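Chemist: My structure is below; once you've seen it, I'll send some questions.
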Amino acid sequence: MKPMQQIRGISAVCLLAVPLALSGCGLFGSESASIDAPPPEVEAQMLQTSGNTTLDSGVFGPVAQEDTQTTVKGSTKTPQSSASGDRTTVFLEDGNGLLAPVSLSLPKSKDSAALKNSLMALVSKGEYASALPEGFKGVLPAGTEVQSITVDKSNLAVVEFNSEFNNYDPLEERKILEAITWTLTGQDNIKSVQLWVDGKKLTEMPLQSTPLDRPLSRTMGINLPKQGPLLMNSSAVTVYFSTTSPDGIQYYVPVTRFVPAGQEQLTAALNELIAGPESGNGLEMVMTQGTILESVDAGQNGVVTVSLTDDMFADGKGVPAEMLESVVLTVAQNSDDALVQIRLNGKESITDTDNVDYSKPVSAPEYLNELPL
């Protein structure tokens, strides 16, 4: 990956997309606010609801399509490559305290051993600690072991840890659940996760009593805002913003936002992307202050067409890579990995700053955030 491209000479404006989602000020600039666990009543609904969210789909596997498909930057593998098992995407804590997907080279193995390896990569000071990029760490307590993982016909993964799993910082409780759930649900069509410790099923987390009476899925969200409206009046969407590693390498981070109930999901998600990140979490704007979402068309052929206008890129050339890639990742996350056709200022001929051609539908990368060690 290449360092983030910066655009200069434009004044920043703060935008407000929905009551919860305050955007950051500045074009491709970072701001400052905290991400934390939601209020208890929101927490319970996030962990138990599946009605207003469709967050179970991942962004890690390309959809098999015709030769018109290309793949956005972020993967060294093309859809035609035999890439299964080459890398595993796990969710690690970055220097901003956010969970980010990172694609690692882990030992190849069969059956549940590969799933075990992905979770062992989340263990602080664990056996794969040296395989993590600089600035990233696992969130499971040191000494945690995965005793078993089984996946049933409903694609529920039942994970049993040893008792060291209980020795975590109470403030990290929700982050641990998010990391486990999002790591496993990106693999082998797993849809949900159930946790056990030393032969006993957990009905709640040991320290903060986060409810676990139902299996966990991506409906729980990830990197939630600290404050927001109750879910009875809201639905959730997950969008991808950009930031940079300590080495100056750009990578993407998913953030769940609450939007007023009843909004069309893809439109709401893309408007949140345009609004920008909240302050204080180290994330950067991926759109300009002049970006406007004209339309979103989920066609019958498995391609979602996103039409944007932005006077800065009238000729469709030199469009920031992170701007277009964030659109693709966000659409894929909220539409079961659909292919994405982007139109900018009415043009289909679009080239980004990495010389990637977006004139044809593209898929999300098979392996996201392949960062050097």
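Residues checked against (1) in contact (Cβ under 8 Å) with a residue 12 or more places away in the chain; (2) over 15 Å from the mean Cα position of the chain (by Cα); (3) part of a strand (DSSP E or B); (4) buried (at least 19 other Cβ atoms within 10 Å of the Cβ):
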residue: Asn271; (1), (2), (3), (4): yes, yes, no, yes
residue: Pro277; (1), (2), (3), (4): yes, no, no, yes
residue: Gly290; (1), (2), (3), (4): yes, yes, no, no
residue: Asp297; (1), (2), (3), (4): no, yes, yes, no
residue: Gln300; (1), (2), (3), (4): no, yes, no, no
residue: Thr330; (1), (2), (3), (4): yes, no, no, yes
residue: Gln341; (1), (2), (3), (4): yes, yes, yes, yes
residue: Leu373; (1), (2), (3), (4): yes, yes, no, no
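So that you can scan it fast, the table gives a plain yes or no per residue for (1) of a type in the set (Phe, Trp, Tyr); (2) over 16 Å from Ile149 (Cβ atoms); (3) modelled with pLDDT of 90 or more:
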| residue | (1), (2), (3) |
| --- | --- |
| Pro215 | no, no, yes |
| Leu230 | no, yes, no |
| Phe241 | yes, yes, yes |
| Asp247 | no, yes, no |
| Gln263 | no, yes, yes |
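Chemist: Look through region 90-114, keep the residues that are among the small types (Gly, Ala, Ser) and open to solvent by less than 10 Å² (accessible area, probe 1.4 Å), and return whichever of them is farthest from Leu224 (Cα to Cα).
Modeler: Within region 90-114, the match that is farthest from Leu224 (Cα to Cα) is Ser103.
Chemist: Determine, yes or no, whether Ser235 is at pLDDT 95 or above and among the polar types (S, T, N, Q).
Modeler: no
Chemist: Still on this structure: Part of a loop (DSSP other than H, G, I, E, B) and at positive phi: is that true of Gly316 in this structure?
Modeler: yes
Chemist: Tell me which of these Thr183 doesn't satisfy, since it passes every other one: (1) open to solvent by 10 Å² or more (accessible area, probe 1.4 Å); (2) closer than 20 Å to Ala114 by Cβ; (3) not small (Gly, Ala, Ser).
Modeler: The one condition Thr183 does not meet is (1).
Chemist: Could you figure out which of (1) within 24 Å of the chain's Cα centre (by Cα); (2) open to solvent by 50 Å² or more (accessible area, probe 1.4 Å) isn't true of Ile190?
Modeler: The number of the failed condition is (2).
Chemist: What number goes with the only condition from (1) within 30 Å of Glu134 (Cα to Cα); (2) touching a strand residue (DSSP E or B) at 6+ places or on another chain (Cβ under 6 Å); (3) among the polar types (S, T, N, Q) that Gln341 does not pass?
Modeler: (1)
Chemist: While we're on this one: Do we have any residue at all in region 214-229 that's farther than 22 Å from Ser103 by Cα, of a type outside the set (S, T, N, Q), over 23 Å from the mean Cα position of the chain (by Cα) and assigned to a loop (DSSP other than H, G, I, E, B)?
Modeler: No - not one qualifying residue is present in region 214-229.
Chemist: Within region 307-328, track down each residue that is free of Cβ contacts under 8 Å to residues at least 40 places away in the same chain and within 17 Å of the chain's Cα centre (by Cα).
Modeler: Across region 307-328, the qualifying residue is only Met323.
Chemist: Within region 116-130, track down each residue that is within 14 Å of Gly143 (Cβ to Cβ), open to solvent by less than 40 Å² (accessible area, probe 1.4 Å) and among the hydrophobic types (A, V, I, L, M, F, W, C).
Modeler: Matches in region 116-130: Leu119, Met120, Leu122, Val123.
Chemist: Specify the residue that is nearest to Lys110 (Cα to Cα); the eligible residues are those in region 136-158 that are among the small types (Gly, Ala, Ser) and surrounded by fewer than 20 Cβ atoms within 10 Å (Cβ to Cβ).
Modeler: Ser148
Chemist: Here's a follow-up. If I ask for residues that are small (Gly, Ala, Ser) and either in contact with a Pro (Cβ under 7 Å, 6 or more places away or on another chain) or under 11 Å from Ala157 (Cα atoms) (or both), which ones from region 188-227 would you list?
Modeler: Hits for region 188-227 are Ser192, Ser217.
Chemist: Yes or no: Glu325 under 22 Å from Ala236 (Cα atoms), charged (D, E, K, R) and surrounded by fewer than 18 Cβ atoms within 10 Å (Cβ to Cβ)?
Modeler: It is false that Glu325 is under 22 Å from Ala236 (Cα atoms), charged (D, E, K, R) and surrounded by fewer than 18 Cβ atoms within 10 Å (Cβ to Cβ).
The values are calculated or read from the model by the stated rules, or taken from the named source; none is laboratory data. As the structure is a prediction and not an experimental result, all values here were calculated from the model. Positions of Cβ are backbone-derived with ideal geometry, glycine not excepted, and every protein chain shown enters the neighbour counts. Areas reflect the complete protein model, heavy atoms only, side chains present, ligands, DNA and RNA absent. Shrake-Rupley method; radii C 1.70, N 1.55, O 1.52, S 1.80 Å.
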